[in-house]
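For reference, the structure discussed in these notes is given below.
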Amino acid sequence: LNRLYTAISSSLPPGEVMDMLNRLYTAFDALTTRHGLFKVETIGDAYMVVGGCPEAQPDHAVRIARMALDMLETAATIPVSNMSDDFGTICIRVGLHSGPVVGSVVGDLQPRYTLFGDTVNVASRMESTSLAKMAQVSSATYQRLVDSGETGAFTLQPRGETTVKGKGMMHTYWLRPAGDPMLLGWL
């Protein structure tokens, strides 16, 4: 939910924050199912979904890209609060990265399936360095999307060099719906 989550959490009672996240995550769960992806976990305001794991999917990058755009569109229709219109609708940012991961169930107390590997960290950094209402894509995901030959559903626009914690400078791209005007400020 980007940096606004802290402000929302401090402005609304915990029950309303939980209700907001439940409404958002229920909508995202439906998108995850529709796109044939796998929900890994939710931690606070973070929703992690993966393609190509635990079942291989040759088109996983395209599925994730379509899901990302649907997430942005869906979040913008969900009110922050059902009690007051003052907060508007939910505003998120999304990050995508492709690479190797290992999935496993860990722990004995409330064990859960989770993913491990640098790919998870870079995906998280793509999200944290993205902007509100935007999906940022790493070069690795960009290449998979271009190589898929299925880029008709979206546009990839160079963002340029982005400072990524633990990685230094990375070349990243904006993922936009097909036909969406170019973001002139990023040319």
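Look at the alpha carbon pairs under 8 Å that are at least 6 residues apart: their mean separation over the length of the chain gives a relative contact order of 16 percent.
Of all lysines in the structure, those lying under 22 Å Cα to Cα from LYS39, and not within fewer than 8 positions of it along the same chain, are LYS133. Taking THR141, THR74, THR42 as the candidate residues, the one with maximal mean-square fluctuation in a Gaussian network model of the chain, Cα springs under 10 Å, is THR42. For the chain, a Gaussian network of Cα nodes joined below 10 Å ranks GLY166, GLY51, GLY107 by mean-square fluctuation, and the top entry is GLY107.
This structure gives percent of Cα pairs over 22 Å apart, computed directly, and of [x] 57; [y] 53; [z] 47 that value is listed as [z].
With a/c under 1.5 counting as rounded, go ahead and sort the range 130-176 into rounded, prolate or oblate using the C-alpha gyration tensor (a ≥ b ≥ c being the square roots of the eigenvalues; past the cut-off, prolate if a/b is larger than b/c, else oblate). Can you show the working numbers first?
Values: a/c = 2.78, a/b = 1.55, b/c = 1.79.
Here the range 130-176 falls in the oblate category.
As a test of the formula, what do you get for the chain when each DSSP H run with n ≥ 4 contributes -39,500 (n - 2.57) and the sum is divided by the residue count, at 222 nm and rounded to the nearest 500 deg cm²/dmol? It would help to have the intermediate numbers written out before the result.
Values: 5 runs with 66 residues, N = 187.
Computed ellipticity for the chain at 222 nm equals -11000 deg cm²/dmol.
Translational D (Stokes-Einstein, µm²/s) of the range 47-132 at 20 °C and 1.002 mPa s when Rh comes from the Kirkwood sum over C-alpha pairs? If you can, show how the numbers build up before the last one.
Numbers: Rh = 14.8 Å.
This corresponds to a translational diffusion coefficient of 145 µm²/s.
Structural descriptor for the range 37-78: relative contact order 27 percent, calculated from alpha carbon pairs under 8 angstrom and at least 6 residues apart.
How large is log10 of I(q)/I(0) for the range 1-112 at q = 0.16, 0.21 Å⁻¹ when the intensity is taken from the Debye formula with one equal scatterer per alpha-carbon? Computed log10 I(q)/I(0) values: -0.79, -1.16. Taking only C-alpha pairs under 8 Å that are 6+ residues apart, what is the relative contact order of the range 96-173 in percent? Dividing the mean separation by the residue count of the range 96-173 yields 28 percent. Rg and Dmax over the alpha-carbon atoms of the range 80-124 stand at 16.9, 43 Å.
Mind checking the per residue accessible area of the chain for me, 1.4 Å probe, whole number of Å²?
Details: 9950 Å² over 187 residues.
Accessible area per residue: 53 Å².
Share of carbon and sulfur in the accessible area of the range 52-187 stands at 54%, probe radius 1.4 Å.
The values are calculated or read from the model by the stated rules, or taken from the named source; none is laboratory data. Here the structure is a predicted model, which means the values were calculated and not measured. Side chains are part of the model used for accessible areas, which takes the heavy atoms of the whole protein and leaves out ligands, DNA and RNA. Shrake-Rupley method; radii C 1.70, N 1.55, O 1.52, S 1.80 Å.
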